[in-house]
Structure formats: structure tokens, C-alpha cells
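**Student:** First the structure, then my questions, so here it is.
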Amino acid sequence: MNHLVKGVSRHALRSTGRWVPVVILVAIGVAVYVGTYTGLDRIEDTTNQLYDELVLFDWNFRIKREEVRRVPTAPELEAIDGVRAADWRARFPGVATLEDGTSVGAVVVVVDPSRRPSVGDVLLTEGQYLDPEDDHGVIVDETFARDHALKPGDAFEVTAFNAKTYATIRGIGVFPEYLVASVDDHMTLPVRGSLVAILASKDVVTEQQDRNPANLFIGPTVNDLVVTLDDDADPLTTRAALTRALAKFKVLEVTAGPDQYSVRCHRSRLWAFRDFLPTVIALFEAMAALVLVLAMHQLARSWRKEAGTLLAFGVPRSRLTAAWTAVLVAMVAAGVIIGIGLSVPVAELVSTNYQRAMGFPLVIAPRRWSSLIEACLLAALLVPVGWLAVYQQLRDTPRDLMYSAAKTEPPGLSRLLARLPLGRATALGLRNVFRRPTAALVTIMSAAGTLVMAGSMYLFADAQKVSTDRYLESRAWDGLVQFPHAMAEDEVDRLMNESGITSFEIFTERQASVRGSAAALEISLLGWPASSRLQGDGWLLEGSDLDPEVADGILLTHRDLGQIGAQLGDEVAVTVGDRSGSFTVVGVLHSYTLEQGYITRAAMDELLGEPANPAGAMVTGDAASISALMRHKDAGRVLRGETIRTVTKESNAALVRIIDFYGHLGALAALLIIIASMRVRARERAAEYGVLLGFGLPVSWLGRGLVAESIVLGVGAGLLAMPFTRFATLRFQARFAEVWMYVPMDLDTMAISLVLLAPIFAMPVSALLPTLDLRRLNIARALSTRGTP
Amino acid sequence: MLQPSITRSRLMTSIITADGVCKDYVTGPVRTSVLRQVAMSVPEGAFAVLVGPSGCGKSTLLNLIGALDTVDAGQLSVAGTALHDASTADLMRFRRAHVSFVFQYYQLLPTLTAQENVEVVLESLRLSNAEIEERATSMLKAVGLADKHARFPGELSGGEQQRVAIARALAKRPTLLLADEPTGSLDRETGRPIVDLMKAQQQATGSTFFVVTHDPVVVEAGTHVYEMVDGQVAAR
């Protein structure tokens, strides 16, 4: 049996063009699968570790500011059944202004510096914790510090409660509530970089509070309670108990830990990534299975003479099949091993670029190769598939010892191709492609499979870039203001004038319920200035913008429409409080923000039965006026347009890097497959090339034929890849970014052609190696037909 | 009996001159000496036949003469070209200009028709397409296959395939035609006409034929017979 396995192995090893594509496909599939899941698992494990170690809250109660002596103490709250730990803090909005004048929104979390918080701690990555002796020492979040190249010891200005003070960075750290960079879910457009999380001692804010003439409080105040629950506590029961404990106070908002914006953002992005992987892997599995069947069929067929000899000597067919199965397992195992090796850099790439794309502060969890077994099992599924091909071939092998090299293959397609008016070298190359259609099919299909991966990844990356451009186009403003309270329009005018802003558009906002034919959904309804092109958090997929002439028009996102069972042109019922109205869907939006709709300001006023006060404004102005606006005591939260543009481009670039990497893998694999196939095809015809060289034909003449052959194989692979590339791209876009609806079909076909042309033109490179091989060909040995080569 | 030293008069009419030619083959750690101090001289225009037991090195010597392989030691001149000193490019030019081959297993290209198999080797001669076509057609006619020019090798019998191979070899109008067991895979009935054809063509063209064979029919047709024993050649 050992001899059998040895003989079969050596035979298989000689035919590199047949087993190399299989190994490559399996290796890439394993590398992508294991590497991507490992990278994402590492991110998720880091998150879970941080949530655990830094004690992310289970419930967060935001109340109207109260003196700390009046609220229930932490021990009193921890005595409530189900509550494990409780901590009070003060959380205030503000603005941080750096030395270079850059202003960023800030959330200042004030804690007792003499101890670490029992809920919502910070992981220090640099510097030290707060010190009761250091009045102005603060800890800032890692992403903010990295984005602005800050280090412990640096100072910046903090504006809160309409007053400024300075803060000095004592430490830089990671906050569990701001893992996905700094986002403030109270902003209309939460986005990374929209604010800095600052952990401060009470003195930083007390100073400002004291200077505020409106400050009527005596002593420190709190407005934010964070609580963790026992493992066996019922969340709703405990929430109700806590609500009762806070009955004397005005509770403004209650948030569950999983609903905290950063947590939701992080989870949804992670799962979006995981979501499109099964499509990639399914593609690979199907392609690898097909290529394996064809390759094993070819390999076993090329061993017919040997098989016939052994069968004639009485070796059982089952032993031959077993020997081939051993080779098959070795082939798949080789692919798995190589793939596991490749998965390490893939995992690193995924976690690094995810980190950059999402602004995730750090990756500390060890790698977990849990997907390894799944990948091995998926690869192992290929073995019975390949076995079937071998079994079928060996079953059909006759006990025929009489092998004559004088036997030549039937003309097959050669007769058809003989009619083509081609040069002799080209004709020879072309006919060599089709003399064994199955072998050509192995090469074409395996190259096509990898081209599909390459093409769909490149197109997906392009779609991402287009998506980003559209996203940025829809945000041409320089700043987005969210007023701290309902303001009259003349107050808004004053605010803008004092800040030096001359151009702005006001919008209003209310929480509303919108009902379609299937369901109702709670949304944030914006009363938008219809006079200008929509520049909110989305762009138009179909339909039209809001029209001042159309009073009952509404714009909704395509996802929200899907949820409520409505589409363009349908009527939907909108309810705000106890007032309702009927609106017609005039436009469908693509938006990254869920549950948001747009009607005209006039329509909002009509719906409410009274003029709605401005909730915010889009402003146009230079950096200085935006900064002035940010520091204005009445401005509330201000988001810089520049922040969004910079962050969006960086995030997209990181994401595109991952996608492009997968594309490069695919393109490289396609080239390797064709190169390997071309070499083995040329080697199999060594005797024929020896004859032609013996008759004095130059190597360059033979090279022309090989180039023609490689071009035909490449074009065949490209044509086969084209429809599947489109399909795969659609799937990735639909599952991951939902951008397919706006990418025009005709542009895609052109893009696909351009994307596939590049590797096709690179295919002739694959003719280079076999041509060089011919230069070194020992003609005498190639022509030898005696004995076993 | 070894050939006595070669006289000057013989050198002037010899198309193949070998003096002390050696060739070894190395397979892993094993070194096999195939040709040992071969000395021979083949006159121009001869139908020379080389016989010898199986595995004695006949095909090896043929390959060296045809510049398909290189000598390890000694001197080998063919058609005025010192092959022992020639570079790879020189050997290629030599083969193009002077040599054609007929193989035991025909070695036709299976994806080309009979006509195309003959035409393809003429590509290197810088002839026009019309000239190439004309030569191929006339050679196929000469070997009696004019009506089968469009057939593929798989559609021809062994004898017919060998005829195509001969037509291919002769289409180049070579100085020297080398044949390795040309009737080796044919039966006697098929092989004799092939020998007759080769003989007739040799006489018609005046080319030198050098044939390696076991076939007594071929030996009978030869004008000069050489025997190889233990890696050395002697004229019979």
C-alpha cells in the first residue's frame, strides 16, 4: 500500500497544474475564513473584556441635576434587590479647545478622584489616574488623544456651563461607553470624532459652576446614575425598583447597557462584517469543489496506464482508490495548512483595519482560533467530493496494458478550429487549449473563481468609495448645531450673528410614530427646510426631494419603509403625541441612521398645530466662526462638517484596505493558477515541442503559441467570471453596505470589464515561464518514448 | 574491429565525422557511460544504417549527430559544423539548416492535420506561405498521401502517420535525415513500403540518411552499415 501511495503521490506531484489550483483555493478560503473571524473575534473579545473589567453599566439613569446630598447614596441603591453596584456621577456637555484652536464637542464625566468608580471605570493606557490634589487633571479617551497627537501633560481649554477653564491631561484611557471612538448619541448625527470623553474631578466643573450666576446649587451635583445588576437579576424588575427609588427626582432618560450608542454601533458594525463572510466562503467552497472534481478526474485519468497495469496484475481497485484518497486528503490538508499560516496576517490586517475604520481604541485580547475547526470541516467536505471523481475514473479504467505512444487523441475541436484563418503558432496554441477540454476547464474555472473574488472585492471597494463620496456630498455644511433647548427663531438669529455665521438653515425635530400597512415604527421626525437640497443623514435613492408645494410629502429610509411595509407613493400615518396626519412617501432615502424621517417645516407645524421651535441648524462658515459657535453658551452641541469628512474618509480608507486586500489575494491566486497550469500543459507536450525544436523552430515561435493559449484561458476565465462577479458584488453590497440600489448597472458592467481586463492582460505573463522552460528543454530526453519518464 | 585512422580524402567526402566521442548519463548517484571513444565517418549521400543490441547507445549517438544533445568529450563534425564546440544558438541554427528527423513513434502533432504537420516545420525557413504550402503538398503527394492531407494523425494508420513524418522530414530538403527506428512500430507488411519510400526519396534528393534500426529490411537497404557494440562503432 505504501508503494501505491508513493507512486500515486509522485504522479500527482508532477502535475502541478492540476493540484496547485485546488491547494490555492483551499488555502485562500481557509485564510479568509479563519483570518477574518479570528480578527473579528479578537475585537469582540477585547470589547467583552473591557465591558467586563471596566464594568459597563446595565442601566443608566439620567436625571435633572441634583445636589449629591439629596440623592440616594450608592449603598442605599445597592441594597435594592438585584443591584450589584451603583455609582453617581455628573455628566455634562462641553467643548474642548486645543492649543491650535481646534474645538471638539466634549462630554465631561465628573467622578470622585479619591477612588476608582465601581461602575464605568477607565483603562489607562498612558499616564495616571485622577488625583484629588490635582484640580485640573483629567483623563481623555484614547482615540481623541491619538487623533490629535496628545500626551500626558498637554493642556487644553474646556468650556462648560458658559465658562472656560483649562484642563491638563493626567492620563489617556479607554472608556467602556466610548469604545467605538467618541460618539454622542444625543447628536442628530452621531459620528466618530464628534466629541471627546473627559473624566474629570469635580473641581474642573465646580469652578465653572461657581462662576455661573445661574448656579443655585450648593456643593457638588450629580445627574447620572450607573448601575450593574446581579447575574440572576431581572432587568425590568430592577429597573422598576430603581425608578421607584428615584421617584422624587426628574428622570430624563433611562438607557440599558446594550442600547448605549457606542455598544450598538460596535455590535452592528461587527455583525455587518461577519454577515458577508458566508457568501465569500460559499463561493470558495463551490469553486474549490468544482475544481477539485475536475482536477481529480484529470489526475486519475492521466494515470490510466499505470492503473490498467496494476489491475491486470490483480491489485484490487479499492486499493487504488484508497491510494488516491490519501493523495486527495494530503492535497486538501496542504491547502488547510497553508491557509492557516496565511490566516495570521489576514487576522492582523482585519483587526488593525477594523480598529482604524471604527476608531476602536485598542486590541488586547489574545487571538482565538475558534473558527479553525469549522474551516477544517468545510475543507474536509471537499474530500468525498474529490473521491467521487476518482472513483468514477478508476471504475471506468479498462484492464488495458497495450499503451502505444503512437495513439493520438481524436481531433475533437481541432477540426472546427482548423477553419480559422490564424497564423500557425497561434493556431497551435488555440488548438492546444481545446485538445483536452476538461483540463482547460479546470484552469478556466479555478482562475474564474479567484477572478470573481478579486473582481467583486474591487467593485465592492469602489462602491464603498462612491458611497462615501455621496455621503460626504450630502453633508456639504460646515457645522450642524443641536440646540440645548427649544429656541425661538430670533434667539437663533442672535446666536448665529454673535458667532459670525451668516448662512444657516433651521430644522425642527420631534419623536413620532409612522405606520404603514405592516407595522408602526418610532422615528425621529425632522422638519426640514425644503428650499434647499436635502443635506441630512442620507441621500435620495428614488423619488424626489421635499417640495414646498407638496405639503404632505415625507422622506423615509428604505430600511424603515421595509419595516413598516410601505414603498414610494404609499400613504403613511404619522403621529406626534396626540396629533396625527397622513403623508405620502415622495422619496426613499439611503441612510446609515435608522428610524429617521423628513417632512417640510411647514408640514411639521401643521402636524403639531403650532409652530415648532428650532431643534437645530445646518450652518455654513469658516473654521473660526464654527469654533466661535462651538464656544457660544447657547449653542448646545455643534458638530463640525470637517470632522465628519476627515473621519469618514479615514474609516472608509481602512475598510477599503481590507476589501482590496481580499481582491489582491484573488487576483494573485488567479495568476498563480494560470501560471501553474501553463507550465504543466507545456511539460505534457514536451515531446511535441522537442520535435519542433529538433526541426529548428525557435523558442520564440513556440512562445507565441503559448501566449495565444494563455490569452484564451484568461479570456475564458474572465468571461465566465463576469456574471458571477456581478452577482457576488451585489450580495456583498446588499449584505454589508446596502449601496447596490444606487450603483448604476451600466457603470457596473463597464467597471467589471475594466477590473477583469487587468488580470486577463496579465495572463500572457504566465506564458513566460513555460517559454523559459523550453529554452532549457533537453530535446533528446523529451523525445525519448522508451521506458518510464 | 575499430575504424583505422581517417584519411584526408575521406574527410573531404564525409558528412559525419566522429573522433573519440564520449557521452555519459547521470541519474542521481549513478553515472552510466553510454558512448566510449566513438570514432566513425559517414560519407555524403549515403544511406547509412546503424545497428546494435538494445540499449547500446544507438539513439544516443543519433541525438548527438542531430544536435539534440551535446557530447561530453571528443570531436563531432556534421555537415561541416563542429558540434562539440557549438553554442546552443549555433546548434539551433545547425538543426534548422541541415537536419531533419523521423522518429519511431512518428511524433506528429495531434492537433494539426497532415498538411499542417508538414508545413509547421517549414516556418523556420523564411519561405512565403505559398512556398510552404506548395512544398508540403508536393511532399505529401510524393509519399502517396495527397488525398489525406486534411486528416488528423488520429485518423491515419501507423504507416500513414509515418509517411507524413517522412514527408515532414523531407520537406525541409535537409542535408542529413536522421531516422530512429522508423519501422519500429510497424509490422513487416507496413514497414517494407516505408523503407522503399525512404530509399527512393534518398536517391531522389541526394540527402544523406542515417538510420538507427533493428529491422533487417532497413539494413538490407543501407549502403553503409555500422555496428555499435559496448559504446563503440565499427563499420561492417
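The values are calculated or read from the model by the stated rules, or taken from the named source; none is laboratory data. What you see is a predicted model; the values in this text were computed from it and never measured. Note that each Cβ is placed from the backbone with ideal geometry, even for glycine, and that neighbours are counted across all protein chains shown.
**Student:** Quick test of your reading of the structure: B:Ser33 fulfils all but one of (1) modelled with pLDDT of 85 or more; (2) surrounded by fewer than 21 Cβ atoms within 10 Å (Cβ to Cβ); (3) within 22 Å of the chain's Cα centre (by Cα). Name the failing condition by number.
**Tutor:** Unmet condition: (3).
**Student:** So how many residues does segment B:143-158 have that are without any contact (Cβ under 8 Å) to a residue 40 or more places away in the chain, aliphatic (A, V, I, L, M) and more than 10 Å from chain A (Cβ to nearest Cβ)?
**Tutor:** Total satisfying the criteria: 2.
**Student:** Then there is this: Of these, B:Ala169, B:Ala165, which one is in contact with a Pro (Cβ under 9 Å, 6 or more places away or on another chain), within 13 Å of chain A (Cβ to nearest Cβ) and either of a type in the set (D, E, K, R) or in a helix (DSSP H, G or I) (or both)?
**Tutor:** It is B:Ala165.
**Student:** It is to be established whether one or more residues within segment B:88-109 are farther than 30 Å from B:Ala39 by Cα and within 12 Å of chain A (Cβ to nearest Cβ).
**Tutor:** Within segment B:88-109, one or more residues are farther than 30 Å from B:Ala39 by Cα and within 12 Å of chain A (Cβ to nearest Cβ).
**Student:** Suppose we filter segment A:622-634 for residues that are of a type in the set (A, V, I, L, M) and surrounded by fewer than 23 Cβ atoms within 10 Å (Cβ to Cβ); how many remain?
**Tutor:** 3
Rundown of residues vs (1) β-branched (Val, Ile, Thr); (2) within 30 Å of A:Ala288 (Cα to Cα), yes/no style:
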| site | (1), (2) |
| --- | --- |
| A:Leu25 | no, yes |
| A:Tyr37 | no, yes |
| A:Thr47 | yes, no |
| A:Tyr51 | no, no |
| A:Asp58 | no, no |
| A:Phe61 | no, no |
| A:Pro75 | no, no |
| A:Asp81 | no, no |
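**Student:** So, in segment A:701-728, how many residues would count as being out of contact with any Ser or Thr (no Cβ under 8 Å at 6 or more places or on another chain), within 14 Å of chain B (Cβ to nearest Cβ) and not acidic (Asp, Glu)?
**Tutor:** Matching residues across segment A:701-728 total 1.
**Student:** Could I ask something else about it? Report the residue count in segment B:120-142 for those that are of a type outside the set (S, T, N, Q), more than 7 Å from every other protein chain (Cβ to nearest Cβ) and more than 23 Å from B:Gly184 (Cβ to Cβ).
**Tutor:** Looking only at segment B:120-142, we keep the residues that are of a type outside the set (S, T, N, Q), and these are B:120-123, B:125-127, B:130-136, B:139-142.
Keeping just the survivors that are more than 7 Å from every other protein chain (Cβ to nearest Cβ) gives B:122, B:125-127, B:130-136, B:139-142.
Filter once more, keeping what is more than 23 Å from B:Gly184 (Cβ to Cβ): B:122, B:125-127, B:130-136, B:141.
The number of residues fulfilling the criteria is 12.
**Student:** To continue, here is another question. Identify, from the list A:Gly153, A:Gly173, A:Gly193, the residue that is modelled with pLDDT of 85 or more and either over 31 Å from the mean Cα position of the chain (by Cα) or assigned to a loop (DSSP other than H, G, I, E, B) (or both).
**Tutor:** It is A:Gly153.
**Student:** Listed residues B:Ala234, B:Ala179; which is away from chain A (no Cβ under 12 Å), assigned to a strand (DSSP E or B), surrounded by fewer than 24 Cβ atoms within 10 Å (Cβ to Cβ) and of a type outside the set (D, E, K, R)? Working first, answer last.
**Tutor:** Numbers: B:Ala179 fails: surrounded by fewer than 24 Cβ atoms within 10 Å (Cβ to Cβ).
Answer to the check: B:Ala234.
**Student:** Report, by residue number, each residue of segment A:359-393 that is small (Gly, Ala, Ser) and touching a helix residue (DSSP H, G or I) at 6+ places or on another chain (Cβ under 6 Å).
**Tutor:** If the condition is that a residue be small (Gly, Ala, Ser) and touching a helix residue (DSSP H, G or I) at 6+ places or on another chain (Cβ under 6 Å), then A:Gly359, A:Ala365, A:Ser371, A:Ala375, A:Ala379, A:Gly386, A:Ala389 are the ones that fit.
**Student:** Pairs under 6 Å by beta carbon, first residue among the basic types (Lys, Arg) in segment A:23-48, partner assigned to a helix (DSSP H, G or I), six or more apart or different chains?
**Tutor:** Going by the 6 Å Cβ cut-off, the qualifying pairs are A:Arg42/A:Ser351.
**Student:** A further question follows. Give, as residue ranges, the helices (runs of 4 or more DSSP H) completely inside segment B:84-152 that count at least 2 residues that are more than 22 Å from A:Arg685 (Cβ to Cβ).
**Tutor:** The helices (runs of 4 or more DSSP H) meeting that bar are B:88-98, B:129-142.
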